[in-house]
Amino acid sequence: MEDTKHHTEPECEMEAKDNSRRNFIKQSTLLTAIALTPGTAVKAAGMHIDEKIAEAFEKMPLKMEVNGVAHNLSVEPRATLLDILREQLDLTGTKKGCDHGQCGACTVHVDGHRVNSCLTLGVMISGKKITTIEGLAKGDELHPMQEAFLKHDGFQCGYCTPGQIMSAVSCIREGHANSEMEIREYMSGNICRCGAYPNIVNAIQEVKEGGQPV
Amino acid sequence: MKQFQYTRAVSQQSTIDAIAKPGTKIIAGGTNLVDLMKRGVTAPDKLVDINNLPLKNITSTKTGLHIGALALNSVVSENSLVLQKQPLLSMALKAGASPQLRNMATVGGNMMQRTRCAYFFDVSMPCNKREPGTGCGAMGGYNRMHAIFGASEQCIAVHPSDMCVGLAALDATVIIAGKKGERRIQFIDFHRLPGDHPEQDNHLAMGEMIIGVDIPDNNFAKNSYYLKIRDRQSYAFALVSVAAALDISNGIIKQARLAMGGVAHKPWRLFDAEKALAGKAATEENFKQAAQIAMRDAKGYEYNSFKIKMAPAVIAEALKHAAGLV
Amino acid sequence: MKETTTLKKSAQTDGLSRVDGRLKVTGAARYSAEFNIKGLTYGVLVGSTIAKGSIKSLDTKQAERAPGVLTVITHLNSPKVPGYQDGKPTGNGVFKIFYDNKIYFSGQPVALVVADSFERALFGASQVKAQYNQDNHQTNLRANVNTAKAPHGDGTYKRGTEDAWKTAPVKVEQEYIIPSDIHNPMELHAIIAQWDGDDKLTVWDKTQGVQDARDEIAQIFKLKKENVQVNSKFVGGAFGSALRTWPHEVAAIIAAKALNRPVKVVLSRADMFTSVGYRPHTWQKIGIGATADGKLVGITHEAIGQTSTYENFTEGTVGVSQSLYACPNVNTSYKLVALDVGVPTWMRGPGEATGAFALESALDELSYQLNIDPIELRMRNYAQTEPQGGKPFSSKYLDEAYKMGAEHIGWNDRSPKPGTVNENGWLVGYGMGGGMFGAYRDGATVKAIMMADGNLILQTAVSDIGPGTGTAMVSIASEMMGIPAEKIRFDMGESSLPQAPTQGGSSITASVGSAVYAVCKDLKEKFQQLIGNGGTDKPDYAQVLKQHNLAKLQVTSSAQGGDERKKYAMFSWSVHFVRVKVHPATGVIKIDKVACVADSGHIVSPKTARSQIIGGAIGGIGMALMEEVVFDHRYGRIVNNNFADYHVPVNADIPQIDALFVNKPDPYINPMGAKGMGEIALIGMASAVANAVYNATGKRVRDLPITPDKLITMDVELS
């Protein structure tokens, strides 16, 4: 794509809505001559063009709702939901354990479903509702799964715990908590290096058997 | 990760137009692509997010089952039509990845996922698949997870999918869209062997996209099983996996379908073993014989020769499960 | 229905819940990388791609020009680290980051790219181009055992006659190998460094010891200790990996100084495999002999472990053979092979876990040769006094532990003939293995403040990597003071608090617990002084303060061991029992049942103690069945440096685990009678699994991990 001004494909509505970018293009006659490909900002920096301009160019608007709060953000497309939560929104309850979808510490709910936020690009969840561990309790009243983790000591260091709890809630919601074996299988996407697995299973079974809404 | 442009596709046609340009990639679930981008294994200039396209349907057709390319792995694995008509596919899906990843990964994306070979993942290592001409690190290196069938001097990587093993066994067809319209290709012909071009995982041409999969109706639902052997009980790639489907009538196998994972650059269909089983009684002895037939062309390397012993055992075991002998 | 019964039987929820639990389950607990400091910048390390040699050139221009990149620090431009000038510049010392162009291992940081966001730093790091002069490297232990050297002296120990086992009528001689294992705590190692002027530094750092870290950092940067503040409020696991200050921590501090801005460095999971230690790959050989009635004649235990070329790491691998059993003739040797790899460090159960795998496997092999039950064989060689010096044990109830564990696992159902029990196509086997670890105690100081509202605040500089230190300390104080746990706050994880040792070696409950005990005792005495003669031992503290018009009453007390260690040998003991199922055709191993028994004195905090034992057992299952660092020696590089290829147990691998305690106080070690349990929870577990697999299949795997491929390709060994 050589020049977005001449690009009429409807698929690019996100680009068209990207005001910062359009403004930037209007402002900078110099840069319209540069191929609008990634790495442009690198080139811009190399040409000693003001970095702030490059930054505006590389970011996109992102609207999302996190724990019931609407956020209007400006993010680089390469920023993951995990890093946006932790570094931009200071919601550090969601953890980074591997950054590659191999441990589950970053598990959050997107529109009610558990996903690995480390492999989710922020721009891809525009308009969606995110629930993190910080949004699970109702004020001072803990979610039943949080209570059960406390009671059954479903953790030690606590680092995988937010991911475990988000996953555990989903495990019941999805209908995958009908036996110890099923829970173990459906909680296997969350690694706990301290080894709290049996306690986690017990916590989930108690919530499931208690029948409280999750 | 390199900076890239991100756009959201609004139609199939606009997607096809966009991906005609080099450096442009489709993103759906992102579970594999984002991982590879983080590691610098791939660095697209532009991503086209197709999640808004209407390709999520799972529907019954006159001849079988249609599954849209964007149907989530988790959704397919729990779908009542799938469970009823093609439980093998559900089993294969549930054997893969984790619940979170299955909630993100799509059917089309699963087909497009790339090998887990360590040399492919580490950009400081040689790998013909990642960087043609640099050599195969795994050939003389740590190749425990690698291919015993169909490898070439250029590449001995395996395709990591479980779902694809199930679809290969079930005679599925891939529906592909491109500039010239739609075309259909047998699932077993979708992925390719490495040959001299290991950088090509499959026969999807530049500018084409997967839009769905068709699975013909069959009589396998009662007697099918997916068995995956791995280094831990869950959330691990296969050492060897087997999709087994049998059409049994009065104890006699009318038809068999067998495919293996973790052994080749593509889901490995066991045609000779299937033929050998047709018309035979569903017994452990016959299963073991068929398993041996399946191993005829196997070739082991320094660390993966165990698969030559493991694979037939897994085939026989999967068949026993499928036949209800376990 | 069956599972429900299991749950009701094994779920133990009695005892104090974690005092910091609410913070952990709500996501409010902040770990080292999670402090939102004004002006924070992000550092990403660039690792060497060669294992040995030197940096020929470093091109950082592209990285420096990348948007948002603030600086790229390398050995070419790094501000001088004052402490680095001391001693030898290279080799024979702690690896000095950005000091010179020498490369000691693949993955060694050669640059730190700092940017205004993580994404930009990560991209910048990918733009650093390094060229190397490559030397021939050695990363293969097995290929280099001929270069093994004793780390100090000749590395040998002997009592009685050397190699006496050879004269015994029944004997076993075998080699046992463990690969390197990585601690891999879920929290990535992380540090935020912030300077205040030239001589004051604050770090939020993942460490098991805030004061040791403070001292090390002060020494490296030649700062006054009081000018270095180390905070480690929550530690997301460590298992030994955060026992020392690593080069990446120094790098962050260097960068923060260079930029005059706070810098955060978080290791990648791949970095965790090269930069923060590991349990070293170790080759062992055991010769063990006994009389026909099972009395040990002699043990010879040799161990060769790997270390780095720039620093020696040693651990107590052969110690178990010296002390676990009453055996008249024991000789051991311990050597190291220096390789072009990162330096190892203590990993949970350190050398004892490595050694116990070998010894307890060998003992199991001997039991089959003798046709004596493995527990009976151990009882026939039960050490009533410490075998090395003959000192009495301060306490030892290992015999009771054997009985408890055997009963819980159903040891009577074990067939003494391997490979003979088949349950629906799965071979069933039972195994056991034990361990020991020194019960240590360090000095510690605790400040106690009784507030006007009757709430008690305890303060000390310990950190908690997960076992629940705060919870145990609150339990002790609650009992001592007679006030509920909710009224006690335990402050920790800051180096400016009163002295406490580093959390390691299973010593914290004994060390800090004793200081909590002492300070509570002293505080109560202060109240007694206020009340005067005849007052109750546990008064209404708030009321007393009110009566005396006091806003608070505080006291600081220290505690340390006396000369009891001169009189007694002090150890914690454990024994693990495992029931496995093995699928004979596919080699799949399922851990079916586990019972672990700890003889670790009085149990101060039952709920967290149980979790600690379960956690150690799971660590041992990982060690036994799946954990293994794999090198491609052609490149000297690890090829499975991630959680998809380096397997640790997942939930599906782990059944309910019975964690049992003898729970009898040690009369000498400390006022609570508590001994450590963090290490013994793991020590011996790997052998229990291996022994169970043998009992199930007749296949003896002597090189860990026991993966399906090994089982299906090896032959049955029947004695």
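So the values come out like this:
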| read-out | value |
| --- | --- |
| The range B:1-140: mean projected area of Cα convex hull, nm² | 10.3 nm² |
| Volume per residue of the C-alpha convex hull in the range B:5-51, rounded to whole Å³ | 61 Å³ |
| Peptides ranked, highest mean first, by Cβ atoms within 10 Å: ranges C:542-553, C:69-80, C:695-706 | C:695-706, C:69-80, C:542-553 |
| Percentage of interatomic Cα-Cα distances in the range C:285-342 larger than 17 Å | 47 percent |
| Total charge dipole magnitude, the protein assembly as shown, about the Cα centre, Cβ charges on Lys, Arg, Asp, Glu only, Debye to nearest 20 | 640 debye |
| Amide hydrogen neighbours beyond the local backbone of residue B:266, cut-off 5 Å, H modeled | B:159 |
| Residue-count net charge about residue B:112 - beta-carbon cut-off 15 Å; Lys, Arg +1, Asp, Glu -1 | 0 |
| Residue order for B:268, C:346 - accessible surface, 1.4 angstrom probe, largest first | C:346, B:268 |
| Rounded FRET efficiency, nearest 0.05, which uses the C-beta distance separating residue A:212 from residue B:219 and R0 of 45 Å | 0.55 |
| Kirkwood hydrodynamic radius over Cα pairs of chain B, then Stokes diffusion coefficient at 25 °C and 0.890 mPa s, in µm²/s | 123 µm²/s |
| Residue B:196/residue B:123 FRET efficiency (R0 30 Å; Cβ-Cβ; nearest 0.05) | 0.85 |
| Kyte-Doolittle at least -0.5, axis length at least 20 Å by Cα - qualifying DSSP helices, chain C | C:350-370, C:508-531, C:606-625 |
| Of B:21/C:129; C:524/C:664; C:335/C:593; C:396/C:607; A:96/C:675, those spanning more than 31 Å from alpha-carbon to alpha-carbon | C:335/C:593; A:96/C:675 |
| Per-selection Kirkwood Rh - the range C:122-250 (Cα, Å, 1 d.p.) | 19.9 Å |
| Separation in nanometres of the label points that stand 7 Å from Cα toward Cβ, at residue C:64 and residue C:522 | 5.5 nm |
| Anisotropy class of chain C from Cα gyration tensor, a/c 1.5 cut | oblate |
| Accessible-area ranking of A:180, B:199, C:64, largest first, probe 1.4 Å | C:64, B:199, A:180 |
| The range C:212-268: radius of gyration over Cα atoms, expressed as a fraction of 2.2 N^0.38 Å | 1.16 |
| Gaussian network model of chain B, Cα within-10 Å springs - most flexible of B:314, B:82, B:34 | B:34 |
| Contact order normalised by residue count of chain C, Cα under 8 Å, 6+ apart, percent | 16 percent |
| Cβ-based charge dipole, the protein assembly as shown, positive-most Cα from C:294, C:310, B:206 | B:206 |
| CD proxy at 222 nm, helix term only [per DSSP H run n ≥ 4: -39500 (n - 2.57); per residue of chain C; nearest 500] | -7500 deg cm²/dmol |
| Partner lysines for residue B:309 [C-alpha distance under 23 Å; skip if fewer than 8 residues away on the same chain] | B:228, B:266, B:275, B:288, B:299, B:320, C:581, C:590, C:699, C:710 |
| Share antiparallel - DSSP beta bridges, chain C, percent rounded to 5 | 75 percent |
| Size-normalised alpha-carbon gyration radius of the protein assembly as shown, reference 2.2 N^0.38 Å | 0.93 |
| Positive-pole candidate from C:138, B:173, C:692, dipole of the protein assembly as shown, charges at beta carbon | B:173 |
| Within-14-Å neighbourhood charge of residue C:134 [Cβ basis; K, R +1; D, E -1] | +3 |
| Projected-area average for the range B:221-323 over all orientations - Cα convex hull basis, square nanometres | 6.4 nm² |
| Computed log₁₀ I(q)/I(0) - Debye formula, equal Cα scatterers, no solvent, the range C:444-560, q 0.20, 0.22 Å⁻¹ | -1.00, -1.17 |
| Translational D in µm²/s for the range A:144-210 (Stokes-Einstein at 37 °C, 0.692 mPa s, Kirkwood Rh from C-alpha pairs) | 291 µm²/s |
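The values are calculated or read from the model by the stated rules, or taken from the named source; none is laboratory data. Values in this document were obtained by computation on a predicted structure and should not be read as measured data. Because the Cβ atoms are built from the backbone with ideal geometry, glycine has one as well, and the counts that use them run over all protein chains shown. Quick note on the areas: whole protein, heavy atoms, side chains included, nothing else; ligands and nucleic acids left out. Shrake-Rupley method; radii C 1.70, N 1.55, O 1.52, S 1.80 Å.
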